[in-house]
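S.K.: Here you go, one structure.
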Amino acid sequence: MFTTADLDAIWLTLRLASIVTVLLLIVGTPIAWWLARTRSWLKGPVGAIVALPLVLPPTVLGFYMLVAMGPNGAIGQFTQALGIGLLPFSFWGLVIASVVYSLPFVVQPIQNAMQALGERPLEAAATLRVGPWERFFCVVLPLSKPGFITAAILGFAHTVGEFGVVLMIGGNIPQETRVVSVQIYDYVEAMEYGQAHLLAGLMVAFSFVVLLGVYGFQRQGNNSMLGVK
Amino acid sequence: MNVAKYLPWLAMGLTVTSQSWAEQVHAAVAANFTGAMKFVVAQFEQDTGYDVRLSFGSSGKILAQIQNGAPFDVFLSADQAKPQALQNKGLVQEGSRFTYAIGALALWSSLPDFIENDYSRLTSDDYNKLALANPKLAPYGLAATEVLQALGLKDATQAKWVQGENIAQTYQFVATGNADLGFVALSQIMSKGHVTEGSSWIVPSDLYSPIRQDAVLLKTAKDNSAATALLAYLQSDAAQQIIQSYGYTTE
(Lines give C-alpha, C1' and ligand atoms only; values in the text may rest on other atoms or scores of the structure.)
Protein backbone atom coordinates (compact mmCIF):
# COMPACT_ATOMS: atom_id res chain seq x y z
CA MET A 1 0.00 0.00 0.00
CA PHE A 2 1.01 3.64 0.34
CA THR A 3 4.39 4.32 1.93
CA THR A 4 5.04 7.16 4.39
CA ALA A 5 6.61 9.10 1.55
CA ASP A 6 3.40 8.66 -0.47
CA LEU A 7 1.27 9.86 2.42
CA ASP A 8 3.57 12.85 2.91
CA ALA A 9 3.19 13.67 -0.77
CA ILE A 10 -0.61 13.34 -0.65
CA TRP A 11 -0.85 15.55 2.44
CA LEU A 12 1.50 18.12 0.92
CA THR A 13 -0.50 18.17 -2.31
CA LEU A 14 -3.78 18.72 -0.49
CA ARG A 15 -2.25 21.48 1.63
CA LEU A 16 -0.77 23.18 -1.44
CA ALA A 17 -4.01 22.95 -3.42
CA SER A 18 -6.11 24.30 -0.53
CA ILE A 19 -3.89 27.31 0.11
CA VAL A 20 -3.59 28.02 -3.61
CA THR A 21 -7.37 27.84 -4.07
CA VAL A 22 -8.03 30.34 -1.28
CA LEU A 23 -5.39 32.73 -2.65
CA LEU A 24 -6.72 32.30 -6.18
CA LEU A 25 -10.24 33.24 -5.13
CA ILE A 26 -8.89 36.33 -3.38
CA VAL A 27 -6.66 37.37 -6.28
CA GLY A 28 -8.93 36.16 -9.07
CA THR A 29 -12.18 37.83 -7.99
CA PRO A 30 -11.14 41.47 -8.53
CA ILE A 31 -9.44 40.55 -11.81
CA ALA A 32 -12.57 38.72 -12.99
CA TRP A 33 -14.81 41.61 -11.89
CA TRP A 34 -12.67 44.12 -13.72
CA LEU A 35 -12.55 41.96 -16.86
CA ALA A 36 -16.30 41.43 -16.72
CA ARG A 37 -17.16 45.13 -16.43
CA THR A 38 -14.45 47.14 -18.11
CA ARG A 39 -14.71 48.80 -21.51
CA SER A 40 -11.03 49.71 -21.43
CA TRP A 41 -8.78 48.73 -24.33
CA LEU A 42 -6.68 46.95 -21.71
CA LYS A 43 -9.32 44.25 -21.38
CA GLY A 44 -7.90 42.29 -24.30
CA PRO A 45 -4.23 42.38 -23.21
CA VAL A 46 -5.01 41.66 -19.53
CA GLY A 47 -7.35 38.80 -20.47
CA ALA A 48 -4.66 37.38 -22.71
CA ILE A 49 -2.00 37.57 -19.99
CA VAL A 50 -4.30 35.82 -17.51
CA ALA A 51 -4.93 33.07 -20.08
CA LEU A 52 -1.25 32.59 -21.00
CA PRO A 53 -0.67 29.67 -18.59
CA LEU A 54 -3.33 27.75 -20.54
CA VAL A 55 -1.13 27.83 -23.59
CA LEU A 56 2.46 27.85 -22.35
CA PRO A 57 4.09 24.48 -21.73
CA PRO A 58 4.37 24.11 -17.93
CA THR A 59 8.07 23.32 -18.08
CA VAL A 60 8.65 26.54 -20.03
CA LEU A 61 6.65 28.50 -17.48
CA GLY A 62 8.53 26.72 -14.69
CA PHE A 63 11.91 27.38 -16.20
CA TYR A 64 11.30 31.12 -16.51
CA MET A 65 9.91 31.23 -12.99
CA LEU A 66 13.13 29.56 -11.85
CA VAL A 67 15.10 32.26 -13.64
CA ALA A 68 12.86 35.12 -12.46
CA MET A 69 12.83 33.91 -8.85
CA GLY A 70 16.59 33.23 -8.87
CA PRO A 71 19.22 35.60 -7.44
CA ASN A 72 19.63 37.31 -10.82
CA GLY A 73 15.92 37.56 -11.60
CA ALA A 74 13.63 40.49 -10.84
CA ILE A 75 11.41 38.57 -8.41
CA GLY A 76 14.44 36.99 -6.73
CA GLN A 77 16.06 40.37 -6.16
CA PHE A 78 12.79 41.72 -4.80
CA THR A 79 12.28 38.85 -2.33
CA GLN A 80 15.90 39.09 -1.23
CA ALA A 81 15.52 42.82 -0.64
CA LEU A 82 12.47 42.03 1.49
CA GLY A 83 14.59 39.61 3.49
CA ILE A 84 12.53 36.56 2.51
CA GLY A 85 15.37 35.01 0.55
CA LEU A 86 14.82 32.99 -2.61
CA LEU A 87 11.53 31.29 -3.41
CA PRO A 88 12.49 28.23 -5.48
CA PHE A 89 12.77 24.94 -3.56
CA SER A 90 10.30 26.11 -0.93
CA PHE A 91 6.65 25.44 -0.25
CA TRP A 92 5.75 29.13 -0.64
CA GLY A 93 7.60 29.26 -3.91
CA LEU A 94 5.33 26.47 -5.13
CA VAL A 95 2.29 28.32 -3.83
CA ILE A 96 3.14 31.44 -5.82
CA ALA A 97 4.00 29.49 -8.96
CA SER A 98 0.74 27.54 -8.68
CA VAL A 99 -1.30 30.71 -8.28
CA VAL A 100 0.09 31.98 -11.58
CA TYR A 101 -0.29 28.61 -13.24
CA SER A 102 -3.93 28.05 -12.21
CA LEU A 103 -5.11 31.66 -12.50
CA PRO A 104 -7.09 31.27 -15.76
CA PHE A 105 -8.98 28.30 -14.33
CA VAL A 106 -10.31 30.54 -11.59
CA VAL A 107 -10.67 33.90 -13.32
CA GLN A 108 -12.57 32.65 -16.36
CA PRO A 109 -15.51 30.88 -14.65
CA ILE A 110 -15.98 33.81 -12.26
CA GLN A 111 -15.75 36.30 -15.11
CA ASN A 112 -18.30 34.34 -17.14
CA ALA A 113 -20.71 34.20 -14.21
CA MET A 114 -20.36 37.92 -13.60
CA GLN A 115 -20.86 38.76 -17.26
CA ALA A 116 -23.98 36.59 -17.36
CA LEU A 117 -25.53 38.74 -14.61
CA GLY A 118 -25.86 41.68 -16.95
CA GLU A 119 -26.64 45.26 -15.86
CA ARG A 120 -30.13 44.83 -14.51
CA PRO A 121 -29.58 43.47 -10.97
CA LEU A 122 -26.96 46.18 -10.42
CA GLU A 123 -29.20 48.92 -11.74
CA ALA A 124 -32.06 47.69 -9.61
CA ALA A 125 -29.81 47.74 -6.55
CA ALA A 126 -28.56 51.21 -7.44
CA THR A 127 -32.12 52.59 -7.60
CA LEU A 128 -32.55 51.26 -4.07
CA ARG A 129 -29.55 53.40 -3.06
CA VAL A 130 -27.25 50.46 -2.43
CA GLY A 131 -23.60 51.60 -2.51
CA PRO A 132 -21.05 50.09 -4.89
CA TRP A 133 -19.33 47.90 -2.26
CA GLU A 134 -22.60 46.57 -0.96
CA ARG A 135 -23.79 45.97 -4.51
CA PHE A 136 -20.71 43.88 -5.09
CA PHE A 137 -20.91 41.86 -1.87
CA CYS A 138 -24.71 41.52 -1.58
CA VAL A 139 -25.71 41.25 -5.24
CA VAL A 140 -22.81 40.24 -7.46
CA LEU A 141 -21.14 37.67 -5.21
CA PRO A 142 -24.26 35.67 -4.28
CA LEU A 143 -25.56 35.66 -7.85
CA SER A 144 -22.17 34.53 -9.19
CA LYS A 145 -21.93 31.66 -6.74
CA PRO A 146 -22.01 28.89 -9.37
CA GLY A 147 -19.04 30.52 -11.09
CA PHE A 148 -17.13 30.70 -7.81
CA ILE A 149 -17.77 27.06 -7.00
CA THR A 150 -16.68 25.93 -10.46
CA ALA A 151 -13.63 28.18 -10.17
CA ALA A 152 -12.66 26.82 -6.75
CA ILE A 153 -13.01 23.21 -7.85
CA LEU A 154 -11.07 23.73 -11.08
CA GLY A 155 -8.35 25.73 -9.34
CA PHE A 156 -7.96 23.05 -6.69
CA ALA A 157 -7.97 20.17 -9.16
CA HIS A 158 -5.59 21.87 -11.54
CA THR A 159 -3.10 22.50 -8.73
CA VAL A 160 -3.33 18.86 -7.67
CA GLY A 161 -2.52 17.84 -11.23
CA GLU A 162 0.34 20.30 -11.64
CA PHE A 163 3.63 18.74 -12.62
CA GLY A 164 5.92 20.59 -15.00
CA VAL A 165 6.14 23.78 -12.98
CA VAL A 166 6.75 21.92 -9.71
CA LEU A 167 9.40 19.77 -11.32
CA MET A 168 11.21 22.87 -12.52
CA ILE A 169 11.23 24.92 -9.32
CA GLY A 170 10.57 22.32 -6.62
CA GLY A 171 13.83 20.44 -6.18
CA ASN A 172 11.99 17.32 -4.96
CA ILE A 173 12.25 18.02 -1.22
CA PRO A 174 10.19 15.65 0.97
CA GLN A 175 7.33 17.37 2.85
CA GLU A 176 8.19 20.65 1.16
CA THR A 177 7.96 20.34 -2.62
CA ARG A 178 7.59 16.62 -3.40
CA VAL A 179 3.93 16.53 -4.46
CA VAL A 180 2.01 13.48 -5.67
CA SER A 181 2.62 14.05 -9.39
CA VAL A 182 6.38 14.25 -8.78
CA GLN A 183 6.26 11.16 -6.57
CA ILE A 184 4.50 9.23 -9.37
CA TYR A 185 7.07 10.45 -11.86
CA ASP A 186 9.91 9.28 -9.59
CA TYR A 187 8.37 5.83 -9.34
CA VAL A 188 8.07 5.59 -13.11
CA GLU A 189 11.65 6.73 -13.62
CA ALA A 190 12.89 4.25 -11.02
CA MET A 191 10.93 1.47 -12.78
CA GLU A 192 8.78 0.93 -9.66
CA TYR A 193 5.68 0.74 -11.78
CA GLY A 194 3.53 -0.95 -9.10
CA GLN A 195 3.73 2.00 -6.71
CA ALA A 196 3.25 4.38 -9.63
CA HIS A 197 0.02 2.61 -10.68
CA LEU A 198 -1.30 2.80 -7.13
CA LEU A 199 -0.76 6.53 -6.71
CA ALA A 200 -1.86 7.27 -10.27
CA GLY A 201 -5.02 5.24 -9.67
CA LEU A 202 -5.80 7.36 -6.64
CA MET A 203 -5.28 10.49 -8.71
CA VAL A 204 -7.54 9.28 -11.52
CA ALA A 205 -10.29 8.43 -9.03
CA PHE A 206 -9.92 11.79 -7.32
CA SER A 207 -10.00 13.75 -10.58
CA PHE A 208 -13.02 11.81 -11.82
CA VAL A 209 -14.98 12.58 -8.68
CA VAL A 210 -14.02 16.25 -8.85
CA LEU A 211 -15.06 16.60 -12.49
CA LEU A 212 -18.25 14.70 -11.84
CA GLY A 213 -18.95 17.25 -9.12
CA VAL A 214 -18.30 20.17 -11.46
CA TYR A 215 -20.57 18.85 -14.20
CA GLY A 216 -23.31 17.86 -11.78
CA PHE A 217 -23.12 21.28 -10.22
CA GLN A 218 -23.14 23.11 -13.54
CA ARG A 219 -26.31 21.33 -14.59
CA GLN A 220 -27.96 22.46 -11.37
CA GLY A 221 -26.67 25.99 -11.93
CA ASN A 222 -28.13 26.10 -15.44
CA ASN A 223 -31.48 24.94 -14.17
CA SER A 224 -31.67 27.62 -11.53
CA MET A 225 -30.62 30.21 -14.06
CA LEU A 226 -33.49 29.14 -16.27
CA GLY A 227 -35.73 29.52 -13.27
CA VAL A 228 -36.57 25.82 -13.09
CA LYS A 229 -34.99 25.11 -9.68
CA MET B 1 -6.96 18.85 -61.57
CA ASN B 2 -5.21 16.07 -63.35
CA VAL B 3 -3.69 13.92 -60.66
CA ALA B 4 -2.06 11.54 -63.12
CA LYS B 5 0.17 14.36 -64.30
CA TYR B 6 1.74 14.55 -60.86
CA LEU B 7 2.08 10.82 -60.28
CA PRO B 8 5.66 10.45 -61.53
CA TRP B 9 6.74 13.27 -59.23
CA LEU B 10 4.86 11.74 -56.37
CA ALA B 11 6.49 8.36 -57.00
CA MET B 12 9.88 10.00 -57.15
CA GLY B 13 9.21 11.81 -53.91
CA LEU B 14 8.27 8.58 -52.21
CA THR B 15 11.43 6.79 -53.39
CA VAL B 16 13.61 9.60 -52.14
CA THR B 17 11.89 9.55 -48.79
CA SER B 18 12.16 5.81 -48.32
CA GLN B 19 15.80 5.88 -49.34
CA SER B 20 16.71 8.57 -46.87
CA TRP B 21 14.69 6.66 -44.28
CA ALA B 22 16.98 3.65 -44.59
CA GLU B 23 20.00 5.86 -44.02
CA GLN B 24 18.63 7.48 -40.95
CA VAL B 25 19.26 6.49 -37.34
CA HIS B 26 17.20 7.64 -34.42
CA ALA B 27 19.26 7.72 -31.22
CA ALA B 28 17.92 8.15 -27.69
CA VAL B 29 20.61 9.71 -25.54
CA ALA B 30 21.00 10.26 -21.79
CA ALA B 31 20.81 13.93 -20.82
CA ASN B 32 24.38 14.18 -19.51
CA PHE B 33 25.81 13.21 -22.91
CA THR B 34 23.92 15.91 -24.83
CA GLY B 35 26.82 18.25 -25.59
CA ALA B 36 29.28 15.55 -26.55
CA MET B 37 26.72 13.66 -28.64
CA LYS B 38 25.80 16.70 -30.73
CA PHE B 39 29.46 17.25 -31.50
CA VAL B 40 30.09 13.57 -32.31
CA VAL B 41 27.01 13.39 -34.52
CA ALA B 42 27.95 16.51 -36.47
CA GLN B 43 31.27 14.85 -37.30
CA PHE B 44 29.61 11.52 -38.03
CA GLU B 45 27.12 13.06 -40.45
CA GLN B 46 29.90 14.93 -42.19
CA ASP B 47 32.12 11.86 -42.48
CA THR B 48 29.49 9.29 -43.48
CA GLY B 49 26.52 11.14 -44.99
CA TYR B 50 24.10 9.32 -42.72
CA ASP B 51 21.33 11.29 -41.08
CA VAL B 52 20.93 11.17 -37.29
CA ARG B 53 17.89 12.17 -35.28
CA LEU B 54 18.57 12.73 -31.60
CA SER B 55 16.22 12.51 -28.63
CA PHE B 56 17.57 13.52 -25.23
CA GLY B 57 16.08 12.66 -21.87
CA SER B 58 16.63 10.83 -18.65
CA SER B 59 17.65 7.21 -19.14
CA GLY B 60 14.69 6.01 -17.07
CA LYS B 61 12.19 7.72 -19.33
CA ILE B 62 13.89 6.47 -22.47
CA LEU B 63 13.87 2.95 -21.06
CA ALA B 64 10.12 3.11 -20.40
CA GLN B 65 9.57 4.47 -23.90
CA ILE B 66 11.61 1.71 -25.56
CA GLN B 67 9.74 -0.96 -23.60
CA ASN B 68 6.55 0.52 -24.97
CA GLY B 69 7.59 0.57 -28.59
CA ALA B 70 9.38 3.90 -29.07
CA PRO B 71 10.97 3.99 -32.54
CA PHE B 72 14.58 4.35 -31.38
CA ASP B 73 17.43 2.50 -33.07
CA VAL B 74 20.21 3.00 -30.56
CA PHE B 75 20.16 3.88 -26.87
CA LEU B 76 22.98 5.65 -25.06
CA SER B 77 22.23 5.25 -21.39
CA ALA B 78 23.69 7.08 -18.40
CA ASP B 79 24.35 3.76 -16.72
CA GLN B 80 24.79 0.04 -17.31
CA ALA B 81 21.66 -1.15 -15.52
CA LYS B 82 19.14 0.10 -18.06
CA PRO B 83 20.74 -1.35 -21.21
CA GLN B 84 21.14 -4.56 -19.19
CA ALA B 85 17.44 -4.50 -18.31
CA LEU B 86 16.54 -4.17 -22.00
CA GLN B 87 18.94 -6.97 -22.85
CA ASN B 88 17.27 -9.22 -20.27
CA LYS B 89 13.95 -8.54 -21.97
CA GLY B 90 15.38 -9.55 -25.34
CA LEU B 91 15.03 -6.10 -26.87
CA VAL B 92 18.73 -5.62 -27.58
CA GLN B 93 20.78 -6.93 -30.49
CA GLU B 94 23.09 -9.64 -29.12
CA GLY B 95 26.67 -8.47 -28.54
CA SER B 96 26.03 -4.82 -29.32
CA ARG B 97 26.45 -3.47 -25.78
CA PHE B 98 29.60 -1.51 -25.01
CA THR B 99 30.76 1.30 -22.70
CA TYR B 100 30.95 4.48 -24.75
CA ALA B 101 32.00 6.79 -21.93
CA ILE B 102 32.89 6.81 -18.26
CA GLY B 103 31.46 9.85 -16.56
CA ALA B 104 33.16 12.17 -14.12
CA LEU B 105 31.56 14.18 -11.35
CA ALA B 106 32.23 17.79 -10.44
CA LEU B 107 31.14 20.05 -7.62
CA TRP B 108 30.25 23.27 -9.41
CA SER B 109 29.06 26.78 -8.69
CA SER B 110 28.09 29.43 -11.20
CA LEU B 111 29.84 32.00 -8.98
CA PRO B 112 33.54 32.52 -9.67
CA ASP B 113 35.80 31.67 -6.70
CA PHE B 114 32.94 30.14 -4.72
CA ILE B 115 34.65 26.74 -4.82
CA GLU B 116 38.40 26.73 -4.41
CA ASN B 117 39.13 23.44 -6.11
CA ASP B 118 38.25 21.43 -2.98
CA TYR B 119 35.20 20.57 -0.88
CA SER B 120 35.86 23.05 1.97
CA ARG B 121 32.71 24.99 1.00
CA LEU B 122 30.65 21.93 1.93
CA THR B 123 32.20 21.65 5.38
CA SER B 124 31.88 25.40 5.97
CA ASP B 125 28.08 25.26 5.71
CA ASP B 126 28.33 28.67 4.04
CA TYR B 127 25.96 28.05 1.09
CA ASN B 128 22.18 28.09 0.60
CA LYS B 129 21.42 24.84 -1.26
CA LEU B 130 23.35 21.87 -2.58
CA ALA B 131 21.90 20.55 -5.85
CA LEU B 132 22.30 16.95 -6.87
CA ALA B 133 20.49 14.60 -9.21
CA ASN B 134 17.96 12.28 -7.58
CA PRO B 135 20.14 9.34 -6.45
CA LYS B 136 17.27 6.93 -6.97
CA LEU B 137 17.00 7.85 -10.64
CA ALA B 138 20.28 9.24 -11.91
CA PRO B 139 23.72 7.60 -11.76
CA TYR B 140 25.33 11.00 -11.22
CA GLY B 141 23.06 11.53 -8.23
CA LEU B 142 24.05 8.16 -6.80
CA ALA B 143 27.71 9.05 -7.30
CA ALA B 144 27.15 12.37 -5.52
CA THR B 145 25.74 10.61 -2.45
CA GLU B 146 28.69 8.19 -2.50
CA VAL B 147 31.06 11.17 -2.45
CA LEU B 148 29.21 12.82 0.43
CA GLN B 149 29.26 9.51 2.28
CA ALA B 150 32.98 9.08 1.69
CA LEU B 151 33.63 12.61 2.96
CA GLY B 152 31.44 12.00 6.00
CA LEU B 153 29.16 14.90 4.97
CA LYS B 154 26.00 13.07 3.95
CA ASP B 155 23.99 13.66 7.11
CA ALA B 156 25.31 17.16 7.66
CA THR B 157 24.36 18.36 4.16
CA GLN B 158 21.08 16.51 3.65
CA ALA B 159 18.87 19.34 4.91
CA LYS B 160 20.22 21.54 2.12
CA TRP B 161 19.77 19.09 -0.75
CA VAL B 162 17.65 19.99 -3.73
CA GLN B 163 17.23 17.21 -6.25
CA GLY B 164 16.92 17.45 -10.00
CA GLU B 165 15.10 14.63 -11.74
CA ASN B 166 18.06 14.28 -14.02
CA ILE B 167 21.49 15.82 -14.31
CA ALA B 168 20.33 18.46 -16.83
CA GLN B 169 17.85 19.85 -14.33
CA THR B 170 20.45 19.75 -11.56
CA TYR B 171 22.70 21.82 -13.77
CA GLN B 172 19.83 24.31 -14.27
CA PHE B 173 19.39 24.76 -10.52
CA VAL B 174 23.04 25.75 -10.18
CA ALA B 175 23.35 27.68 -13.45
CA THR B 176 20.40 29.94 -12.58
CA GLY B 177 22.02 30.61 -9.19
CA ASN B 178 19.10 29.21 -7.20
CA ALA B 179 21.45 26.68 -5.62
CA ASP B 180 24.88 28.04 -4.71
CA LEU B 181 26.54 24.80 -5.71
CA GLY B 182 25.81 21.30 -6.87
CA PHE B 183 27.17 18.00 -8.11
CA VAL B 184 26.94 17.98 -11.90
CA ALA B 185 28.49 15.93 -14.66
CA LEU B 186 31.90 17.26 -15.58
CA SER B 187 30.74 17.00 -19.19
CA GLN B 188 28.16 19.71 -18.61
CA ILE B 189 30.61 22.36 -17.51
CA MET B 190 33.49 21.33 -19.71
CA SER B 191 33.92 22.21 -23.32
CA LYS B 192 37.04 21.73 -25.44
CA GLY B 193 38.98 20.52 -22.41
CA HIS B 194 38.21 23.41 -20.04
CA VAL B 195 35.69 24.22 -17.36
CA THR B 196 34.15 27.24 -19.04
CA GLU B 197 32.49 29.22 -16.24
CA GLY B 198 32.01 29.55 -12.49
CA SER B 199 34.20 27.62 -10.08
CA SER B 200 34.49 23.90 -9.51
CA TRP B 201 36.12 20.94 -7.86
CA ILE B 202 36.63 17.89 -10.03
CA VAL B 203 35.83 15.06 -7.64
CA PRO B 204 38.63 12.44 -7.39
CA SER B 205 37.33 9.29 -9.05
CA ASP B 206 38.24 7.08 -6.06
CA LEU B 207 35.43 8.70 -4.04
CA TYR B 208 32.65 7.09 -6.11
CA SER B 209 32.04 3.99 -8.19
CA PRO B 210 32.79 4.52 -11.87
CA ILE B 211 29.83 5.91 -13.86
CA ARG B 212 30.04 3.57 -16.81
CA GLN B 213 27.65 4.54 -19.57
CA ASP B 214 26.60 1.83 -22.00
CA ALA B 215 25.18 1.99 -25.49
CA VAL B 216 23.14 -0.69 -27.26
CA LEU B 217 21.69 -1.40 -30.67
CA LEU B 218 18.02 -2.24 -30.39
CA LYS B 219 16.85 -5.43 -32.05
CA THR B 220 14.35 -3.59 -34.25
CA ALA B 221 17.28 -1.74 -35.86
CA LYS B 222 19.56 -4.69 -36.49
CA ASP B 223 19.39 -4.15 -40.26
CA ASN B 224 19.76 -0.37 -40.08
CA SER B 225 23.20 0.38 -41.51
CA ALA B 226 23.16 3.94 -40.17
CA ALA B 227 22.62 2.62 -36.64
CA THR B 228 25.50 0.15 -36.75
CA ALA B 229 27.70 2.80 -38.36
CA LEU B 230 26.91 5.26 -35.57
CA LEU B 231 27.78 2.75 -32.84
CA ALA B 232 31.02 1.87 -34.62
CA TYR B 233 31.81 5.55 -34.99
CA LEU B 234 31.35 6.13 -31.25
CA GLN B 235 34.25 3.72 -30.67
CA SER B 236 36.53 5.38 -33.22
CA ASP B 237 39.53 7.52 -32.20
CA ALA B 238 37.91 10.63 -33.66
CA ALA B 239 34.78 10.23 -31.54
CA GLN B 240 36.69 9.25 -28.43
CA GLN B 241 38.77 12.40 -28.64
CA ILE B 242 35.61 14.47 -28.70
CA ILE B 243 34.12 12.48 -25.83
CA GLN B 244 37.27 12.98 -23.74
CA SER B 245 37.26 16.71 -24.42
CA TYR B 246 33.95 16.78 -22.52
CA GLY B 247 35.56 15.34 -19.42
CA TYR B 248 34.68 11.67 -19.88
CA THR B 249 37.20 8.90 -19.98
CA THR B 250 36.95 6.13 -22.55
CA GLU B 251 38.19 2.59 -22.72
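S.K.: Once you order the gyration tensor axes a ≥ b ≥ c over the Cα atoms, which shape class does the stretch B:105-202 get: rounded for a/c under 1.5, otherwise prolate or oblate by comparing a/b with b/c?
M.R.: Rounded, because the longest to shortest axis ratio a/c is under 1.5.
S.K.: To test your reading of the geometry: what angle, between 0 and 90 degrees and rounded to tens, separates the Cα axis of helix B:139-150 from the longest principal axis of chain B?
M.R.: So the helix axis and the longest Cα principal axis differ by about 20 degrees.
S.K.: Could you give the accessible area per residue of chain A, probe 1.4 Å, as a whole number in Å²?
M.R.: Heavy-atom accessible area per residue stands at 52 Å².
S.K.: To the nearest whole number, what is the average tally of beta carbon atoms from other chains within 10 Å of the beta carbons of peptide A:157-170?
M.R.: 1
S.K.: Right, here's the next one. Students often get this wrong: which residues of the stretch A:86-112 have the backbone nitrogen under 19 Å from the point 7 angstrom along Cα-to-C-beta of A:Ser18?
M.R.: So the set is A:91-96, A:98-99.
S.K.: Net charge within 11 Å of B:Val25 by Cβ-Cβ distance, Lys/Arg positive one each and Asp/Glu negative one each, not counting B:Val25 itself?
M.R.: -3
S.K.: A further question on this structure: Using a simple charge model, +1 on the beta-carbon of Lys and Arg, -1 on the beta-carbon of Asp and Glu, nothing else, what dipole does chain B show about its Cα centre, in debye to the nearest 20?
M.R.: Rounded to the nearest 20 debye, it is 820 debye.
S.K.: Taking H placed 1.01 Å from N in the peptide plane, check which residues at least 5 places from B:Phe56 or on another chain put their amide H under 5 Å from its amide H.
M.R.: Residues meeting the criterion, in which the H sits 1.01 Å from N, are B:Val29.
S.K.: When ligands, DNA and RNA are left out and all protein chains stay put, how many square angstrom of accessible area per residue does chain B have with a 1.4 Å probe?
M.R.: I get 45 Å² per residue for chain B.
S.K.: With a ≥ b ≥ c the root eigenvalues of the C-alpha gyration tensor of the stretch A:85-229, is it rounded (a/c under 1.5), prolate (a/b larger than b/c) or oblate?
M.R.: oblate
S.K.: So if I place +1 on the C-beta of Lys and Arg and -1 on the C-beta of Asp and Glu, and nothing else carries charge, what would the dipole magnitude of the protein assembly as shown be about its Cα centre? I want it in debye, nearest 20.
M.R.: Computed about the Cα centre, the dipole is about 2140 debye.
S.K.: Put simply, what bits of the stretch B:146-174 lose 30 Å² or more of accessible area when the other protein chains are there, versus the chain on its own (1.4 Å probe)?
M.R.: For the stretch B:146-174, once contacts with the other chains are taken into account, B:Val162, B:Gln163, B:Glu165, B:Gln169, B:Gln172, B:Phe173 lose 30 Å² or more.
S.K.: How many angstrom lie between the C-alpha centres of the stretch A:166-203 and the stretch B:94-116?
M.R.: 26
S.K.: If you roll a 1.4 angstrom probe over the protein chains with everything in place, what fraction of the accessible area of the protein assembly as shown belongs to carbon and sulfur, to the nearest %?
M.R.: 61
S.K.: Another question, if that's okay. For B:Asp206, B:Asp51, what's the largest-to-smallest order of accessible area, 1.4 Å probe?
M.R.: Sorted descending by solvent-accessible area, the residues read B:Asp206, B:Asp51.
S.K.: Let me ask something else about it. Could you tell me the total accessible area buried at the A-B interface, probe 1.4 Å, in square angstrom to the nearest hundred?
M.R.: It comes to approximately 1900 Å² buried between A and B.
S.K.: Pop out the ³J(HN,Hα) list for the stretch B:226-231 in order, Karplus 6.51 cos²θ - 1.76 cosθ + 1.60 with θ = phi - 60°, rounded to Hz; leave Gly and Pro as x.
M.R.: Taking θ as phi minus 60°, the curve returns 5, 5, 5, 5, 5, 5 Hz for the stretch B:226-231.
S.K.: Within 13 Å, Cβ to Cβ, of A:Leu141, how many net charges do the neighbouring residues add up to if Lys/Arg are +1 and Asp/Glu are -1?
M.R.: Spelling it out: positives minus negatives among the neighbours equals +1.
S.K.: Run the numbers on the stretch A:86-133: which residues show a drop of 20 Å² or more in accessible area, chain on its own versus all protein chains together, using a 1.4 Å probe over heavy atoms?
M.R.: For the stretch A:86-133, once contacts with the other chains are taken into account, A:Leu86, A:Phe89 lose 20 Å² or more.
S.K.: Using the charge dipole of chain A (Lys, Arg: +1 at Cβ; Asp, Glu: -1 at Cβ; taken about the Cα centre), state which of A:Phe217, A:Asn72, A:Tyr101 has its Cα farthest towards the positive end.
M.R.: A:Phe217
S.K.: Another question, if that's okay. Which order do A:Thr127, B:Thr250 take by accessible area at a 1.4 Å probe, largest first?
M.R.: Highest to lowest solvent-accessible surface, that is A:Thr127, B:Thr250.
The values are calculated or read from the model by the stated rules, or taken from the named source; none is laboratory data. In this text, all values refer to a predicted model and were calculated from it rather than measured experimentally. All Cβ positions, glycine included, derive from the backbone under ideal geometry; neighbour counts span all protein chains shown. What goes into the accessible areas is simple: the full protein's heavy atoms, side chains included, and nothing from ligands, DNA or RNA. Shrake-Rupley method; radii C 1.70, N 1.55, O 1.52, S 1.80 Å.
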